[in-house]
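Notes follow once the structure below has been shown.
The values are calculated or read from the model by the stated rules, or taken from the named source; none is laboratory data. None of the values given here were measured: they were computed from a predicted structure. So basically every Cβ, Gly included, is an ideal-geometry build from the backbone, and we count neighbours across all protein chains shown.
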Amino acid sequence: MKGVGLGLTGRLGDFDVCVRPDQPARLLRPLAQHNGWFLHRVDAGSGYAAVLATTSQNTRVSMFDDGSGMAE
């Protein structure tokens with residue numbers, strides 16, 4: 001939503017994202033302006049699901065732990 005300029009003001013009911021661990025992250029029912037966006041799975045920890053949307057299909061996502069207990 002932020003990538004198409006809607007920020008968090010867009011309607012969350014206008015799209016669905018697959019974040020199941022046994023399937024690739026992908027848009028299931030996208031916004032009309034979704035062209036050119038790719039989803040990449042992010043390990044958000046046990047009990048959480050997260051993806052990162054980028055304009056590149058070949059993005060490498062890295063997470064670092066700074067020891068504070070919060071992911072960066």
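In region 9-22, the qualifying residues are those that are under 14 Å from the mean Cα position of the chain (by Cα) and assigned to a loop (DSSP other than H, G, I, E, B), and the one that is modelled with the highest pLDDT is Arg20.
So is Leu27 under 13 Å from the mean Cα position of the chain (by Cα), surrounded by 12 or more Cβ atoms within 10 Å (Cβ to Cβ) and at pLDDT below 80 or not? Criteria met by Leu27. Here Glu72 clears all of (1) surrounded by fewer than 10 Cβ atoms within 10 Å (Cβ to Cβ); (2) at pLDDT 75 or above; (3) touching a Phe, Trp or Tyr at 6+ places or on another chain (Cβ under 9 Å) except the condition numbered (2). Close Cβ contacts (under 9 Å, 6 or more residues apart or on different chains) running from residues in region 1-13 that are under 16 Å from Phe38 (Cα atoms) to residues that are at pLDDT 70 or above and hydroxyl-bearing (Ser, Thr, Tyr) comprise Met1/Thr9; Gly3/Thr54; Gly3/Thr55.
For Ser46, the requirement of being surrounded by 10 or more Cβ atoms within 10 Å (Cβ to Cβ), assigned to a loop (DSSP other than H, G, I, E, B) and at pLDDT 80 or above is not met.
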